[in-house]
1. Which strands (runs of 3 or more DSSP E) sit wholly inside the chain and have at least 1 residues that are among the acidic types (Asp, Glu) and exposed (fewer than 15 other Cβ atoms within 10 Å of the Cβ)?
2. Test residue 79 against the criterion of being closer than 13 Å to residue 23 by Cβ and either modelled with pLDDT under 95 or more than 10 Å from the chain's Cα centre (by Cα) (or both), and give yes or no.
3. When residues of region 1-54 are filtered for being more than 21 Å from residue 82 (Cα to Cα), among the acidic types (Asp, Glu) and within 12 Å of the chain's Cα centre (by Cα), how many remain?
4. Anything in region 28-60 that is touching a Cys at 6+ places or on another chain (Cβ under 7 Å) and hydrophobic (A, V, I, L, M, F, W, C)? List them, or say none.
Amino acid sequence: EPDVTIVSGLKDMVVFEGDDVTFQCQVSHENARDVEWKLQDVALQNNEMNEISVEKGKIHKLTLRKVTEQDIGTIAFRVGPHVSTA
């Protein structure tokens, strides 16, 4: 299985309280396994507040809905040993 790397990393975002924000990361291969999103070292699950999706097989997206002050912090995307943060 080829080593999946991060082709295009996360970008820092500034948003207003109550808005939605989307982070995206592009990986080198489709159907990447061992992928994880974190906010402040807490693993995120796909639910009504966090939408985790994959577009075109390689673009991994995380949308945080109606952000609050508690959502301030570092977002991390990990695929295998590779990590991108914003």
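1. Details: elements: 6-8, 21-27, 35-39, 50-55, 59-64, 75-79, 82-85.
In the chain, the matching strands (runs of 3 or more DSSP E) lie at 35-39, 50-55.
2. Values: closer than 13 Å to residue 23 by Cβ: no; either modelled with pLDDT under 95 or more than 10 Å from the chain's Cα centre (by Cα) (or both): yes.
In short, no.
3. 1
4. The initial filter retains those residues of region 28-60 that are touching a Cys at 6+ places or on another chain (Cβ under 7 Å), namely 60.
Across region 28-60, there are no qualifying residues.
The values are calculated or read from the model by the stated rules, or taken from the named source; none is laboratory data. Everything quoted here is computed from the prediction, not taken from an experiment. Cβ sites come from the backbone with ideal geometry, for glycine too, and all protein chains shown count toward neighbours.
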